Each structure stands twice: as structure tokens, then as C-alpha cells.
Amino acid sequence: SAPGIPQHRELIVTNPGAVAMHVTCEKVEPTGKPVSYALARGESPRDRPCPFFLKESDAWILPNGALHLAFTFFPTKPGSYTQQYNLRIRQQVDLPSVCFELSGRAITPP
């Protein structure tokens, strides 16, 4: 992707079960803590702006339903970028959280 040109990707979370489930997806700082944790403590997120954005990060999924997590990579400068996210699913019994990483590279067109 070139700087200033967004790229979009989706992650689909489905609920094949019989009860609703609550899903949250949150950016994780390089320290391993969620961004909200750092902000609550008065800490500043990383100095380099993160070019990854998530439209909706907190929702309930009804039985046999799905949630489309829409990620956007929108770099403003050339370079390689990564961002970790923590996906949590809560039902009657919480499931283990899943951490995944997005990567993108912005190059200046010739």
C-alpha cells in the first residue's frame, strides 16, 4: 500500500452455539498490555502512530450469528508496521483470549 491509501480486511467471528457471546477486540501495546490499560494509567501509547484501525471492537453475537471485524491499514509514511490485537470471547464460561498480529508495509510508488 502507498502512504495515504487505505487497505481494508475483515476477520469474521461466528457463533455456532446456542447462547449469545460477547466479543471484544483490543489493540495491544508492545509492553503486552491493552491500549486502554496504558491510557487508564496515564501512560502514552507508543510514539509512532499506529496505522491500523478497527471499526467495531465490542459486540454481542447471537446464536448462529457472525461479527465482521473490519480492519483498515492507513499509513501516512512509508515503512513496515505491525500491531497486535487481543480477541476475547465471553459466554457462560469465558474462553481463552487469542492474540494475533497484523502487519502492513507502505511503499512510495515509483
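The values are calculated or read from the model by the stated rules, or taken from the named source; none is laboratory data. These numbers come from a predicted model, not from an experiment. Note that we place each Cβ from the backbone using ideal geometry, even for glycine, and neighbour counts take in every protein chain shown. Remember, those area values only see protein heavy atoms, side chains included, never the ligands or the DNA or RNA. Shrake-Rupley method; radii C 1.70, N 1.55, O 1.52, S 1.80 Å.
Only residues that are surrounded by fewer than 13 Cβ atoms within 10 Å (Cβ to Cβ), closer than 29 Å to A2 by Cα and not aromatic (F, W, Y): list them for segment 79-108, please.
Those that are surrounded by fewer than 13 Cβ atoms within 10 Å (Cβ to Cβ), closer than 29 Å to A2 by Cα and not aromatic (F, W, Y): S80, T82, C99, E101, S103, R105, I107, T108.
Could you tell me whether T72 is open to solvent by 60 Å² or more (accessible area, probe 1.4 Å) and more than 19 Å from A20 (Cβ to Cβ)?
Against the criterion (open to solvent by 60 Å² or more (accessible area, probe 1.4 Å) and more than 19 Å from A20 (Cβ to Cβ)), T72 does not qualify.
Of (1) open to solvent by 70 Å² or more (accessible area, probe 1.4 Å); (2) in contact (Cβ under 8 Å) with a residue 40 or more places away in the chain; (3) in contact with a Leu (Cβ under 6 Å, 6 or more places away or on another chain), I61 satisfies all except one. Which?
Just one mismatch for I61, condition (1).
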